[in-house]
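Quick note: the coordinates plus some simple rules give every number you see, no bench work behind them. Treat the numbers as computed from the prediction; the structure is a model and nothing was measured. For neighbour counting, all protein chains shown are included, and Cβ atoms are generated from backbone atoms with ideal geometry for every residue, glycine included.
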Ligand SMILES: Nc1ncnc2c1ncn2[C@@H]1O[C@H](COP(=O)(O)OP(=O)(O)OP(=O)(O)O)[C@@H](O)[C@H]1O
Ligand SMILES: [Mg+2]
């Protein structure tokens, strides 16, 4: 792969991905580094349009395979249009969700075939795999408490049992790829979580 550094954040809904991505972005930018932050699904004009469909709570009966393809389509566009060019320029790309979300949610959560999802992911990212993936691990009950008061989107309406399967799926993925996927206890104070993330990221930073 290219000159840049690619870091993704993963974890169940409410685990603190967006919070920690922002803290990391600020920290890296304060050091004068070029940072490109993206969110999934979305992060490019076409992919944001696909995001609207995926998160629309009024859509009932989206077929799980169709859903997986939509995620794949949004990801392929994001990689081609934003992530790959930024890495070529030597930027640090930080992603709020990436390919592991597909396996955790569509695979472990919904029970779709993991071979199919792996193939879909490979097609979508064409070799652009994160150097480091930070898995923010939190219990679904805690995640629900944190998000209380916000209107649940289509996926958040799935309930705690679904989130539990997703959490276990993420942990299984981290066992399968321990070099890339690092688990951080997300139940700690945000500053403490950030500190642990900085420790992990520092290993990958060029001086
Ligand atoms: N370590 C923490 N301790 C307590 N509350 C936190 C912590 N980190 C984030 N929060 C709060 O929990 C809520 C969810 O955090 P955040 O939006 O960062 O999670 P997320 O993983 O991005 O969620 P989603 O998957 O829904 O996008 C926010 O209100 C945030 O302020
Ligand atoms: Mg978020």
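Taking neighbour counts of Cβ atoms within 10 Å as a proxy for exposure, in what order, fewest first, do 103, 171 appear?
171, 103
In nm, to one decimal, how far is the residue 172 label point from the residue 185 one, both placed 7 Å along Cα→Cβ?
2.5
Under the Kirkwood approximation applied to all pairs of distinct alpha-carbon atoms, what is the hydrodynamic radius of the stretch 68-185 in Å?
After inverting the pairwise mean of 1/r, the radius is 15.3 Å.
Normalised by the empirical 2.2 N^0.38 Å for globular proteins, what value does the Cα Rg of the stretch 1-68 take?
The value comes to 1.40.
With an 8 Å cut-off on Cα pairs and a minimum separation of 6 or more residues, tell me the relative contact order of the chain in percent.
Relative contact order here is 33 percent.
By how many nm would the segment from residue 129 to residue 116 lengthen if fully extended, with 0.36 nm per residue of separation less the alpha-carbon distance?
Additional length available on full extension: 2.9 nm.
I need 113, 137 ordered by Cβ neighbour count within 10 Å, fewest first.
With the fewest neighbours first, 113, 137 line up as 113, 137.
For residue 160 and residue 199, what is the calculated FRET efficiency with R₀ set at 41 Å and r taken between the beta-carbons, to the nearest 0.05?
Working from the Cβ atoms, E equals 0.85.
In deg cm²/dmol, rounded to 500, what helix-only [θ] at 222 nm does the chain give when every DSSP H run of at least 4 residues adds -39500 (n - 2.57) and the total is split over its residues?
The helix-only estimate for the chain comes to -14000 deg cm²/dmol at 222 nm.
Which of 98, 199, 108 comes first, and how do the rest follow, when ranked by fewest Cβ neighbours within 10 Å?
By the 10 Å Cβ count, ascending: 199, 108, 98.
What's the long-distance tail for the chain, i.e. % of Cα pairs beyond 27 Å?
26
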